[in-house]
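Since the structure comes first, as structure tokens, the remarks are kept for the end.
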Amino acid sequence: MILKPTSNRIRLTLFFACCFLVITLQAQKVNTPADPAYYAMDREDISFDDEHVLLFNHRGFVSPRQYSVTQFTNIWFLPLGSPRYEFNLNFFDKGTGRLIEDDVPTKWKSWIDDGGSYDPLGSNFRPNSPSIMVTQDEKWQPNQYTRTATFHKEYNKKWVSFSAKSWTNVSFDDDEVFIKLTLTNRNSENLEMTIIPNQVAEVMERYSKKGAVKGSNKADSLDAFTLGSQLAHARVSSSIKEVSDKGFEINIKPGETESFYFAVQFYEPKDGTPAIYQSDIKERMERAAKKTRDMLSWAYDKLPKFSSTNKQLEEYYYRCMLSVLMSRYENPSFISEVFWAVGTWPYTISWDTSYASDVIAMLDPQSLKGAILTDFEQVQLKRTYVGWNGAHWDILYIQEPFALQLMIEAYIRHTGDYSIFDEKAAGVSVWEWMQRWVTELQTHYTNDLGLIDVGYNTEKIIEIRTDGYNHAVPITNTLTIDLLYTMSDWAKKRNEKKLGQTYFKDAEKLKGLVNEYMWNEELGWFDNYYPDGTKGTIWTYHLFDLLGTDFLPDHQAYRLVSHLQEGEFLGKYGMYSIARRDTVHWDLIDSDWGGGGQYAGMPGRISRNLYQKGFAGKGWDVLKRNSRYVHHFPYLPQNPRTDVPEQDRSSMPLEISAGAGLEAIVFGTFGVKMEENKLTIKPFNHEDIGEATLTDVIWKGRKFGIQLTRKTFSVYEGGKLIATEFYGESVRIDQ
């Protein structure tokens, strides 16, 4: 054997070492929360019906269908919409004369619901049953749904054998859905097929900012590529050049793989019909994916970065972030440039937004200011539901002023900008609007005793379907007390000392009345007070919002928190909105406030309040339970069940208020408290959190980090250690 020169052996060794290092690094690549792949979930692990699985890109959304490689439904690209629309591609194989269909979800539903269509379990082999795609794996991540399928059948000694893989996403630039479809011909003969668009919808709507649009919304097939009503059309286009009157013509050689691109475009008829052949669909699809990546990266960079050896909690933090981000619309048809929706419903409501107001303030404080001004502009003490095209219906939730208080506090906390009070909406300053809200409460919602009385109508507070939670309700009164104290502080800040004194006296008076007429010492709870002088105990977790105020005496706080017990308010995934002991009001259907489930924002808000009141163990208990949802939901829904990870179809699969969970970790677990002239950090650790870090906490333009270890915590500024302390101590940073 002839030995190579030593230098060559060294070079060769280094070369293979480098190759091994590159391969190892690629294999160990870990996606950060700035990457959509971080949030990926197998469809089989997601506890949503199809209509709740969303592909969203800040303009609108659609829902991909499970058990199909191309089908999607639930179109919302306002002002265009068709929630019952169904799209899929079918495949006509010319070699066998067989139609291979890809609408199994529709067939299956029909079979189950009314015995129509065919049983998919018998398809491909029972006599006279259809040939269908056999689907395999499906994976969701933000604005991308990936599916694989196979077809492998012999008809009269002729084989049809191919594999399929698809990627689906939605555009940010226009009202369209993209599909990339890759087919591999496994046969020994050419795979010659017509790809046939299949679109089904009863109605296709177009809305406007001014109201209903004239014209029929009934949808009909216009040609092989177009479905539409007088108001809206949907046209299927492709990168495939060869087109017939049936569909798109393809021919794939044996053993070869080809990719095709499709765009389903939704448009107003007056805008003209898109071309059937389009060469740039791939580039448009890539731009859509880039927008999603850019927005995730933007949010990740703006918010404090959290890591923990408790990976469930870490994932929960970022799925809370994702839930807020997926509620952000930048649709040019909407009434504001940035529109923070409650979730999938196209409304912005202050109560929902308030649960994520610190998250929004950290992400984009100007958009939070915009949401505050939009509310004052549209609500005007009368209407709560502010749609994408303006306020609707004379329905008012009396939580409005308390929610606006939280939003304004969050905006000031992160910006220090008190000039927001001088901003005008509908010709009236924010400060004047807040004074009007106080006047409204004291004039139209105050009884002879001086308690805040909302009257008989339960819906003015929250939606509990049983009666009794009305008239003088504890949380409405106690939040009014907190509002009055806050208004007093704001008035003094504005050098309106006399007004400040008035609000302070009003707060003290109402606090005395609440303690006299509503506190139940025996039960350790606040009762409802009715016009005839009787009282009623409603065991609602709504009352725990009181823990977020500063005036609650310690003994009352301890008594309230004592009810946070397993099976009373605590369940497997968080909290019951009505305690199980309340057999009069507990309701499994309307679960977010009525009993068997929880509103998305409440566990996080209650956890944060518990931490800040010194009940860290209880705060962690609530947060830990709620974080279990990450194994079942890609983003947090409106009112999931507390005992099982389930969201009913009648409510939203997405809620902006989920941001409260992220806030609980930052301001609760890590004990961050931002004030005008100081930052205080007093974190708490728990055995099952382990070691954890929070970095990029921004205060007054300065960046701080917090590291939790088993016995101590450390605080850093710009990577430089400020202090290491035992738990129970705090670190104060002055301006």
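Residue by residue, here is whether (1) closer than 18 Å to residue 652 by Cα; (2) charged (D, E, K, R) holds:
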site	(1), (2)
580	no, yes
590	yes, yes
602	yes, no
606	no, no
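The residues on offer are 114, 102, 93, and the sole one that is modelled with pLDDT under 95 and over 28 Å from residue 631 (Cβ atoms) is 114.
Quick check: anything in region 155-167 charged (D, E, K, R) and touching a helix residue (DSSP H, G or I) at 6+ places or on another chain (Cβ under 8 Å)? Looking for residues that are charged (D, E, K, R) and touching a helix residue (DSSP H, G or I) at 6+ places or on another chain (Cβ under 8 Å), one finds none in region 155-167, hence no. In the set 648, 550, only one residue is over 29 Å from residue 368 (Cβ atoms), surrounded by fewer than 23 Cβ atoms within 10 Å (Cβ to Cβ) and not hydroxyl-bearing (Ser, Thr, Tyr); that residue is 648. Considered as a group, the residues in region 245-268 that are acidic (Asp, Glu) and assigned to a loop (DSSP other than H, G, I, E, B) include one that is surrounded by the fewest Cβ atoms within 10 Å (Cβ to Cβ), and that residue is 245.
Tallying residues that are within 20 Å of residue 595 (Cα to Cα) and open to solvent by less than 30 Å² (accessible area, probe 1.4 Å) within region 440-466 yields 4.
Only a single criterion out of (1) part of a loop (DSSP other than H, G, I, E, B); (2) open to solvent by less than 10 Å² (accessible area, probe 1.4 Å) is not satisfied by residue 659, namely (1).
If you go through region 521-544 and keep only what is closer than 18 Å to residue 561 by Cβ and either open to solvent by 30 Å² or more (accessible area, probe 1.4 Å) or in a helix (DSSP H, G or I) (or both), you end up with 521, 522, 523, 537, 541, 542, 543, 544.
In region 446-466, the residues that are outside any loop (DSSP other than H, G, I, E, B) reach residues that are of a type in the set (Ser, Thr, Tyr) with C-beta atoms within less than 7 angstrom, at least six apart or across chains, in these pairs: 452/445; 452/446; 452/476; 452/480; 458/469; 460/397. The number of residues in region 374-397 that are open to solvent by less than 30 Å² (accessible area, probe 1.4 Å) and of a type in the set (A, V, I, L, M, F, W, C) comes to 6.
Criterion first (open to solvent by 40 Å² or more (accessible area, probe 1.4 Å) and hydroxyl-bearing (Ser, Thr, Tyr)) does residue 117 satisfy it? It is true that residue 117 is open to solvent by 40 Å² or more (accessible area, probe 1.4 Å) and hydroxyl-bearing (Ser, Thr, Tyr).
Considering only region 647-655, I want to know if a residue exists there that is over 16 Å from residue 303 (Cα atoms), charged (D, E, K, R) and touching a Pro at 6+ places or on another chain (Cβ under 7 Å).
yes
Tallying residues that are touching an Asp or Glu at 6+ places or on another chain (Cβ under 6 Å) and surrounded by fewer than 22 Cβ atoms within 10 Å (Cβ to Cβ) within region 565-579 yields 2. Does residue 311 satisfy the criteria of being surrounded by fewer than 19 Cβ atoms within 10 Å (Cβ to Cβ) and of a type in the set (D, E, K, R)? Against the criterion (surrounded by fewer than 19 Cβ atoms within 10 Å (Cβ to Cβ) and of a type in the set (D, E, K, R)), residue 311 qualifies.
Results for (1) part of a helix (DSSP H, G or I); (2) in contact with an Asp or Glu (Cβ under 6 Å, 6 or more places away or on another chain); (3) closer than 18 Å to residue 354 by Cα; (4) in contact (Cβ under 8 Å) with a residue 12 or more places away in the chain, shown as yes or no for each residue.
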site: 378; (1), (2), (3), (4): yes, no, yes, yes
site: 384; (1), (2), (3), (4): no, no, yes, yes
site: 393; (1), (2), (3), (4): no, no, no, no
site: 420; (1), (2), (3), (4): yes, no, yes, yes
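Consider region 151-210 and keep the residues that are of a type in the set (Gly, Ala, Ser) and within 40 Å of the chain's Cα centre (by Cα). The one that is farthest from residue 277 (Cα to Cα) is 208. Cβ separations smaller than 6 Å between residues 6+ apart or across chains give the following pairs from region 526-549 residues that are more than 13 Å from residue 473 (Cβ to Cβ) and polar (S, T, N, Q) to residues that are open to solvent by 10 Å² or more (accessible area, probe 1.4 Å) and modelled with pLDDT of 95 or more: 549/482. Considering region 583-598, and only residues there that are part of a loop (DSSP other than H, G, I, E, B) and open to solvent by less than 10 Å² (accessible area, probe 1.4 Å), the residue that is farthest from residue 543 (Cα to Cα) turns out to be 596.
Checked against the criteria, residue 446 does not count as of a type in the set (Val, Ile, Thr) and more than 22 Å from residue 351 (Cβ to Cβ). Scanning region 120-141 for residues that are among the polar types (S, T, N, Q) and either at pLDDT 95 or above or surrounded by 13 or more Cβ atoms within 10 Å (Cβ to Cβ) (or both) turns up 123, 124, 129, 131, 135, 136, 141.
The values are calculated or read from the model by the stated rules, or taken from the named source; none is laboratory data. Treat the numbers as computed from the prediction; the structure is a model and nothing was measured. Counting neighbours? That spans all protein chains shown, and the Cβs are built from the backbone with ideal geometry, glycine included. Ligands, DNA and RNA are stripped out before the accessible areas are found, and what is left, the full protein with its side chains, is counted by its heavy atoms. Shrake-Rupley method; radii C 1.70, N 1.55, O 1.52, S 1.80 Å.
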